Amino acid sequence: MADFLSTPILESRPDDPSQDRTMVLNMGPQHPSTHGVLRLVLEIDGETVNKVVPDIGFLHTGIEKTCEAKFYQQVVPLTDRIDYLSPMSNNLCYCLAVEKLLGLEIPARAQWTRVLLNELTRLNSHLVWLGTHAMDIGALTVFLYTFREREEILNIFELVAGQRMMTSYFRIGGLALEPPLDFHRRVQALIKILPEKIDEYLNLLTGNPIFYNRLKGVGYISGADAIALGVTGPPLRASGVDWDLRRDMPYSSYEKFQFEVPVSTDGDVWARYLVRLKEMRESVKICQQALDGMPEGPIKANAPKVVLPDREQMKTQMESLIYHFKIVTEGFAVPAGEVYQAIESPRGEMGYYVVSDGTAKPYRVHMRNPSFATLQALQTMCQGRMLADVVAVIGSIDIVLGEIDR
């Protein structure tokens, strides 16, 4: 209660209640349209929003601190829980950071498989965003359609990793397991139908006058303001800033893929909707390129003191058994140093800052999460808009509270 009374909203209220034209309203933390346990303290004048103060911390997990008590490889399952809609993006970013400290060279096949799975993760995340965003506006049918396709993606994740959501499939040095024999066939069958399904979503929503009027011109933010507030990803590109880490700071062989970066200059909720729909089409193209050009070779780096040996080697070679035992029980030492690695997650720039003190456990792991930064832009987007527009704006920035309250 003390925190609520000290918010900037209440500090400026007049002493005479009869002169007070505004109302302070709580939205959340239990609210279906805040996409998690987010509390917004709104100051409204009638139906007009004067001020928005996000209040976070209801889902705090302490994951960053927990990383310091784990071996480097044991941190991977924790990264799944940062953004539970794009766990493989977090897996990849963390693994790339530690691999940079170790100086590991990752085999081409592992890199291309990582790209393929990360684009499937992007599609999975955008499908959830589109379904829930449309449902916030009142279009329930699209939610059912998008989850139909998402189910197929989760089936592929389960086929590869044994898990539908918290996959933990990437490893420092490569991949956990050899992809199953029918993996490529299942992915090919999925991406063959996705363009038609995306057309279906567009036909349902883009020409709908209610949906259009609820989104067009709402939640505007300029490119300069977006940069100043740390906004990245689709909301930044929808404000006219042509920046995508996959193209501009490539990692994991993204420089070998051909794709376009959708950009809009409108900067409103409608622009963010269209940019993400176009991104889904580009992800399908990248997946197809990954399938067509998948290199042959191993899925793990040649680093016996870091990467677990194959099960067959462990059972037949004494040296491999010793390496397996020591890695599992003692971890592996990482050279002292610090590194920052960023990738383009479905929500924007996901960055991992890892500090090593030369032991088998990280000294510090800090996550730069796009949702945390983008949440700052709510005030700019919502000020002067109607109360109902707040719901549309929250859906358009696509936040996940797991990575905000890490």
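The values are calculated or read from the model by the stated rules, or taken from the named source; none is laboratory data. All values reported here derive from a predicted model rather than from experimental measurement. Please note: Cβ atoms are built from the backbone with ideal geometry, for glycine as well, and neighbour counts cover all protein chains shown. These accessible areas exclude ligands, DNA and RNA; they are computed on the full protein's heavy atoms, side chains included. Shrake-Rupley method; radii C 1.70, N 1.55, O 1.52, S 1.80 Å.
Please enumerate the residues belonging to the stretch 305-322 that are part of a helix (DSSP H, G or I), open to solvent by 90 Å² or more (accessible area, probe 1.4 Å) and modelled with pLDDT of 85 or more.
Within the stretch 305-322, 316, 318 qualify.
Only one residue in 70, 51 is out of contact with any Phe, Trp or Tyr (no Cβ under 6 Å at 6 or more places or on another chain), open to solvent by 40 Å² or more (accessible area, probe 1.4 Å) and in the same structural domain as residue 400 (by TED's automatic domain parsing). Which one?
70
Is it the case that residue 78 is free of Cβ contacts under 8 Å to residues at least 40 places away in the same chain and surrounded by fewer than 24 Cβ atoms within 10 Å (Cβ to Cβ)?
Yes, satisfied.
For residue 268, state whether it is in the same structural domain as residue 135 (by TED's automatic domain parsing) and over 23 Å from residue 128 (Cβ atoms).
So residue 268 does not fit the description; no.
Name the residues in the stretch 262-286 that are open to solvent by 10 Å² or more (accessible area, probe 1.4 Å) and either touching a Cys at 6+ places or on another chain (Cβ under 7 Å) or outside any helix (DSSP H, G or I) (or both), would you?
262, 263, 264, 265, 266 - these are the residues of the stretch 262-286 that are open to solvent by 10 Å² or more (accessible area, probe 1.4 Å) and either touching a Cys at 6+ places or on another chain (Cβ under 7 Å) or outside any helix (DSSP H, G or I) (or both).
Just checking, how many residues over the stretch 287-301 are buried (at least 22 other Cβ atoms within 10 Å of the Cβ), out of contact with any strand residue (DSSP E or B) (no Cβ under 8 Å at 6 or more places or on another chain) and either over 19 Å from residue 201 (Cβ atoms) or outside the structural domain of residue 242 (by TED's automatic domain parsing) (or both)?
So the answer is 1.
Has the stretch 135-151 got any residue that is in a helix (DSSP H, G or I), free of Cβ contacts under 8 Å to residues at least 12 places away in the same chain and under 25 Å from residue 176 (Cα atoms)?
Checked the stretch 135-151: at least one residue is in a helix (DSSP H, G or I), free of Cβ contacts under 8 Å to residues at least 12 places away in the same chain and under 25 Å from residue 176 (Cα atoms).
With 172, 153, 106 as the choices, which residue is closer than 23 Å to residue 337 by Cα, in the same structural domain as residue 352 (by TED's automatic domain parsing) and open to solvent by less than 10 Å² (accessible area, probe 1.4 Å)?
That would be 172, the only listed residue that is closer than 23 Å to residue 337 by Cα, in the same structural domain as residue 352 (by TED's automatic domain parsing) and open to solvent by less than 10 Å² (accessible area, probe 1.4 Å).
Regarding residue 325, is this residue assigned to a helix (DSSP H, G or I) and either of a type in the set (Phe, Trp, Tyr) or surrounded by fewer than 16 Cβ atoms within 10 Å (Cβ to Cβ) (or both)?
For residue 325, the condition - assigned to a helix (DSSP H, G or I) and either of a type in the set (Phe, Trp, Tyr) or surrounded by fewer than 16 Cβ atoms within 10 Å (Cβ to Cβ) (or both) - is met.
So which residues in the stretch 378-390 are crowded, with 23+ Cβ neighbours inside 10 Å and of a type in the set (A, V, I, L, M)?
378, 381, 390
Quick one: is residue 114 open to solvent by less than 40 Å² (accessible area, probe 1.4 Å), in contact (Cβ under 8 Å) with a residue 60 or more places away in the chain, within 30 Å of residue 335 (Cα to Cα) and in a helix (DSSP H, G or I)?
Criteria met by residue 114.
Before we move on, is residue 42 without any contact (Cβ under 8 Å) to a residue 60 or more places away in the chain and either assigned to a helix (DSSP H, G or I) or touching a helix residue (DSSP H, G or I) at 6+ places or on another chain (Cβ under 8 Å) (or both)?
It is false that residue 42 is without any contact (Cβ under 8 Å) to a residue 60 or more places away in the chain and either assigned to a helix (DSSP H, G or I) or touching a helix residue (DSSP H, G or I) at 6+ places or on another chain (Cβ under 8 Å) (or both).
Specify the residue that is surrounded by the fewest Cβ atoms within 10 Å (Cβ to Cβ); the eligible residues are those in the stretch 22-31 that are part of a loop (DSSP other than H, G, I, E, B) and modelled with pLDDT of 80 or more.
Only one residue tops the list, namely 30.
Could you give every pair whose Cβ atoms fall below 8 Å, whose first residue belongs to the stretch 202-216 and is open to solvent by 50 Å² or more (accessible area, probe 1.4 Å), and whose second residue is polar (S, T, N, Q), counting only separations of at least 6 or pairs across chains?
Hits for this filter: 204/141; 212/206.
What's the number of the condition residue 163 fails, among (1) of a type outside the set (Gly, Ala, Ser); (2) in a helix (DSSP H, G or I); (3) free of Cβ contacts under 8 Å to residues at least 60 places away in the same chain; (4) over 25 Å from residue 244 (Cα atoms)?
Among (1) of a type outside the set (Gly, Ala, Ser); (2) in a helix (DSSP H, G or I); (3) free of Cβ contacts under 8 Å to residues at least 60 places away in the same chain; (4) over 25 Å from residue 244 (Cα atoms), the lone unmet condition for residue 163 is (2).
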